[in-house]
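Structure first, commentary second.
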Amino acid sequence: MPVDRVILRLEHVKKTYNGQGKPLKVFEDLNLEVRRGEFLAIFGPTGCGKTTLLNLIAGFDKPEAGKIYVDGQEITRMPESRLVELRRKKLGVVFQTNNLIPSMTVFENVELPLVLSGVGRSERKKKVEEVLKAFWISNYAERKVATLSVGECRMVSLARAMVTDPEIVLLDEPTDFLDALTVDLMLASLKGKLMQGKTIIATTHRGRLTKVAERVIRLKKRLP
Amino acid sequence: MGLEGRSFGTSLWLGLKWFKSSWSRVRLAFAILSLLTANFTIVSFTLFPGGEILPIASIIVIMAVAFAAIMLHLVKLSAQDLGLLKALGAKRGTLTFAVLIELTLLGLTSAFLGLAAGLLTLILLEGLTVFRIFILQILYLEVASAIAGSLTGAFFVWRYSRKTVAEILANAG
């Protein structure tokens, strides 16, 4: 695959956790390439390392060995300050749970990445309103997130991930705990205008998301 | 820490937002710190009207430790928020300074409320004579205790935010 078409590359990645006295190998020699603009689903049972993989890609966690390149930049040995800049500019992340700050409103939660990037108030307002509208949550703008349902929170998280217009969007089990209607809404959002041209990497242990993805990779759970 | 102007603005925004919006989290701390300060004021005035330094100093140490413990507890409660903010691109300096602003505001507000409550109680009991004794010293010491507590909380955040996002979020449960 031509280098400029690859936005993400993992080379010989090894990751181990210390689980109950003995090391738990999650990845021994993981290699992966993701094309720019691709929608990749990572499918597998709970505990197979899907979230770990997203954490490694986002630089939230470090591998013991191997290299991870995000848009040509090696992140495994990158200083924290540069990693922070990279996250701000290139990555949007939706966590599986505990995604939002409950004491803040929907608007403030979505606004956060822009505040952290030093964007001015009027521009922030414009961008947040735009993204709230795109994800059909404009009506909730002034509500505290503690009053929202799981599905609504997930849409707010997606809006927050997209507000900085990142090139790569990482979604950890975006359809988990959602009813069928909200899953439809979420999947429609992932195919929406704001997501056009974005590289989407989503983990799932359900089949529906894999049907809308362009490519699916399957992770197997290691037996202890 | 590298606090350029933009980061300072971000810290201020976050610190004020936390202070303003996390009322449910801090109201108990407000009450405890204010009560503590009120007690400290009353004890200082009634037991040591002459201003004996040693007993007062020991009370100050106790008070500073109590402030620090409460601040530390508050910071631990917001570990989830810290992990999330770091994941969204917050720098260590920005987070530390935001927490320092939040805790200093909390500490100072509580100290002033407590001092006012303590003085009011004394005035009701003793009359206006209390103002002849060392009120300014008491005020300085209470402010110093509040700031010491805030610095403890902020130092914890500074050290804690060295961890990876995955570790912070896993520890925060």
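Somewhere in segment B:116-133, is a residue at pLDDT below 85, crowded, with 19+ Cβ neighbours inside 10 Å and either touching a Gly at 6+ places or on another chain (Cβ under 8 Å) or basic (Lys, Arg) (or both)? The answer is no, given that none of the residues of segment B:116-133 is at pLDDT below 85, crowded, with 19+ Cβ neighbours inside 10 Å and either touching a Gly at 6+ places or on another chain (Cβ under 8 Å) or basic (Lys, Arg) (or both). Restricting the search to helices (runs of 4 or more DSSP H) fully inside segment A:47-159 and requiring at least 2 residues that are touching a Gly at 6+ places or on another chain (Cβ under 8 Å) gives A:80-90, A:106-116. Return yes or no: is A:Glu38 more than 14 Å from chain B (Cβ to nearest Cβ) and closer than 19 Å to A:Gly197 by Cβ? For A:Glu38, the condition - more than 14 Å from chain B (Cβ to nearest Cβ) and closer than 19 Å to A:Gly197 by Cβ - is met. Might you let me know whether segment B:40-59 holds any residue that is within 15 Å of the chain's Cα centre (by Cα) and modelled with pLDDT under 75? No, every residue in segment B:40-59 fails to be within 15 Å of the chain's Cα centre (by Cα) and modelled with pLDDT under 75.
In segment A:79-110, the residue that is nearest to A:Ile7 (Cα to Cα) out of those that are within 17 Å of the chain's Cα centre (by Cα) and charged (D, E, K, R) is A:Lys90.
Write out, first by first residue and then by second, each pair whose Cβ atoms fall under 6 Å of each other, whose residues are 6+ apart or on separate chains, and whose first residue, in segment A:203-222, is under 16 Å from A:Ser189 (Cα atoms) and assigned to a helix (DSSP H, G or I) while the second is aromatic (Phe, Trp, Tyr) and open to solvent by less than 70 Å² (accessible area, probe 1.4 Å). If the second residue must be aromatic (Phe, Trp, Tyr) and open to solvent by less than 70 Å² (accessible area, probe 1.4 Å), the pairs left are A:Thr210/A:Phe43. What about B:Trp23, is it within 14 Å of another protein chain (Cβ to nearest Cβ), surrounded by fewer than 21 Cβ atoms within 10 Å (Cβ to Cβ) and at pLDDT below 70? It is true that B:Trp23 is within 14 Å of another protein chain (Cβ to nearest Cβ), surrounded by fewer than 21 Cβ atoms within 10 Å (Cβ to Cβ) and at pLDDT below 70. If you go through segment A:176-199 and keep only what is polar (S, T, N, Q), under 23 Å from A:Arg5 (Cβ atoms) and crowded, with 17+ Cβ neighbours inside 10 Å, you end up with just A:Thr199.
The values are calculated or read from the model by the stated rules, or taken from the named source; none is laboratory data. Because the structure is a prediction, the values reported are computed rather than measured. Every residue, glycine as well, gets a Cβ built from its backbone with ideal geometry; the counts of neighbours run over all protein chains shown. Ligands, DNA and RNA are excluded from the accessible area calculation, which covers all protein heavy atoms including side chains. Shrake-Rupley method; radii C 1.70, N 1.55, O 1.52, S 1.80 Å.
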